[in-house]
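Before any comments, here is the structure.
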Amino acid sequence: MCSGNVIKKQQMSNQIRFDSLPFSEGILAAVNEMGFEFASPIQSEAIPFILEGRDVIGQAQTGTGKTAAFGIPMIEHVAPFEKYVQAIVLCPTRELALQVTEELKKLSKFTKGVWVTTVYGGDSIERQIKSLKAGANIVVGTPGRVIDLIERRALKLGQASMIVLDEADEMLDMGFREDIESILQEIPEERQVVLFSATMSKPIMALTNRYLTNPKLVKVVKNEITNVNIEQLYFDVKGRAKMEVTTRLIDFYNLKLVLIFCNQKKRVDEVVEELVMRGYAAEGLHGDLRQSQRTQVMNRFRNGNVGFLVATDVAARGLDVENVDAVINYDIPLDEEYYVHRIGRTGRAGKFGKAFTLVVGSERNRLREIMNYTKVKIEKGVIPTFTDVVGVKKGMFIERVAATIQEGDLDVFNDALTNLHHAGFTTEQIVAALVKISMGVQKNEFGDENLEGEFERQSRKYGRDDRGGDRGDRGGYRGDRGGDRDGRRGAGRFERDSRYGGRDDRGGDRDRGPRGPRNDKEGKPYRSDENMVRMFVNIGFNEKISPSNIVGAFAGESGIPGNVLGQIQIENKHTYVDVPKEYANVVLEKMAGAQIKGKRVLVEIAKPV
């Protein structure tokens, strides 16, 4: 496929100036107006090959400048004023399609005769057909809507000479492979194919082998994936204290524009509700919103009218907002690549950002996987105390008061102090009350409590480090005993059957069909709770599956609360999960065709012994 042509990211000293590249005056004027002086590494390496008409594979994350990497050559290749589709860009989500369109329009601002239009689901197809008929030589769209328009004969690709697959791995994960292949078949064989993907998975390699001709692979090396401008910290917390820790971090670091990530749509709504109740301007972004609602939410966040945006990974795909102070992983991501995508939303354009990850109990296993993947050590942060937060707010209050006094014009307010004195209050009481009102800090049930998670306290108690062989590392940690929804109750809920530990799984694998485990952890015949249904999942330790992967997938796909799941028993090639009877049918329906860590799984009721 690639004939060994791998181009890696160059050092900063080798950056290329845009005005040294062979671009037209229109492109140079556009990049100058956009404030671009140097090409990013992916742009420096990919643009020359794309300009030559070569097929290119770009392995790069969100925020690396890949839109301009394919957008500039695409605009240069377009025959201006010709009202037929010459190039098409496929994106996994509406948000990314709109973002790409906006970028292409900026890049083509000074190039006359180049028309860009966007097509995606959730918007009027009649309006999109009208736009295509008016003449568009570049089309950006989602695969599903592109197929719809092709079938209606409104979108004709018979004269297209270039196609870009943006974030191809995400499109494949979302089940668009057949649509992508159908679209490729509509384009003449004499074409240029450019593919951008964060990963080079087997499905991606299969796609490139089939549809790309001797492509150049341009790659951002892994140890430069995570931005050095981002301070990365994790906080070991009690599950029930996640919101308290989140707001303390916001207040202590004086964060104004924050992205908060959750793994489930339901969790997004819960977090938004709690933030609003605490006085923070927050809104949510997930797949249940209509397109008009999503656009309004993102615009309010971009404009700074909403300071805290809570989102799922898929809903935030393609969201590009400048000056994000911090990213907070309220839920630890279920996939290592999601972590990279998440934190890449801050610390852009040479600015500094923060990435905070809240870790509950045995989720530390997932944190280690993330650190192994990114090759970056994420340091443990200290949770600010209530006193710490009050101290920071006091300092800010004093600065504001001093600035207001210096401004003058206070005479009209002098009688307020006199009136309060007449009411029997001392000056000290009045000032303290005003400080409290201004700061908006109220001591709650967490005020003097240690919010550090049980896992960390037990590790210190028994002198264990991150490599200690405690049950938390083996998935058997019980979590916070408080019974909250994040700290799962029940000893041994995530226990691995000791009969299979460290040995090959000789029975009950998927080739022989689903079956119940012979014994429980004590060696006795297993008996499921009569209110639970035992389910079989054809994936296990061999695929590096952890309990959090199972909980996240079941809860995220089915919409059921993660804490209602019963025992999770992971073996080498498969896993058994206890699901409450009332949720069994929903789980079977929603998990059909679902993926866990990029692998499509089979979920069915386990056969009795």
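Here are the numbers:
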read-out: Any hit, segment 308-315, residues being over 29 Å from SER197 (Cβ atoms), crowded, with 20+ Cβ neighbours inside 10 Å and of a type in the set (Phe, Trp, Tyr); value: yes
read-out: Qualifying residue in segment 54-77 (condition: farther than 27 Å from VAL340 by Cα, in contact with a Ser or Thr (Cβ under 7 Å, 6 or more places away or on another chain) and assigned by TED's automatic domain parsing to the domain that holds LEU155); value: yes
read-out: Single residue of ALA68, ALA30 found to be in a helix (DSSP H, G or I), within 27 Å of the chain's Cα centre (by Cα) and modelled with pLDDT of 85 or more; value: ALA68
read-out: Those residues of segment 527-580 which are β-branched (Val, Ile, Thr) and farther than 16 Å from GLY598 by Cα, in sequence order; value: VAL533, ILE560, VAL564, ILE568, ILE570, THR575, VAL577, VAL579
read-out: Criterion (surrounded by 18 or more Cβ atoms within 10 Å (Cβ to Cβ) and of a type in the set (Asp, Glu)) met by exactly one of GLU102, GLU151, GLU126, GLU95; value: GLU95
read-out: ILE328 vs. criteria touching an Asp or Glu at 6+ places or on another chain (Cβ under 6 Å) and buried (at least 21 other Cβ atoms within 10 Å of the Cβ); value: no
read-out: Residue satisfying condition, being over 30 Å from ILE596 (Cβ atoms), of a type in the set (Gly, Ala, Ser) and buried (at least 16 other Cβ atoms within 10 Å of the Cβ), within set ALA160, ALA198, ALA168; value: ALA160
read-out: Identity of the residue in segment 202-227, modelled with pLDDT of 80 or more and assigned to a loop (DSSP other than H, G, I, E, B), that ends up surrounded by the fewest Cβ atoms within 10 Å (Cβ to Cβ); value: ASN214
read-out: Checking VAL533 against (1) surrounded by 19 or more Cβ atoms within 10 Å (Cβ to Cβ); (2) modelled with pLDDT of 80 or more; (3) closer than 13 Å to GLU571 by Cβ, the condition it does not meet; value: (3)
read-out: Residues of segment 34-65 satisfying the condition of being under 27 Å from VAL85 (Cβ atoms) and assigned to a helix (DSSP H, G or I); value: ILE42, GLN43, ALA46, ILE47, PRO48, PHE49, ILE50, LEU51
read-out: Hey, TYR84 of a type in the set (Phe, Trp, Tyr) and either within 22 Å of the chain's Cα centre (by Cα) or within 15 Å of PHE23 (Cα to Cα) (or both) or not; value: no
read-out: Residue among PHE18, PHE70 that alone is under 13 Å from VAL194 (Cβ atoms), among the aromatic types (Phe, Trp, Tyr) and buried (at least 21 other Cβ atoms within 10 Å of the Cβ); value: PHE70
read-out: Single residue of GLU604, GLU582 found to be in a strand (DSSP E or B) and either in contact with a Phe, Trp or Tyr (Cβ under 6 Å, 6 or more places away or on another chain) or modelled with pLDDT of 75 or more (or both); value: GLU604
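The values are calculated or read from the model by the stated rules, or taken from the named source; none is laboratory data. Remember, it's a predicted structure, so these values are computed and weren't measured experimentally. Positions of Cβ are backbone-derived with ideal geometry, glycine not excepted, and every protein chain shown enters the neighbour counts.
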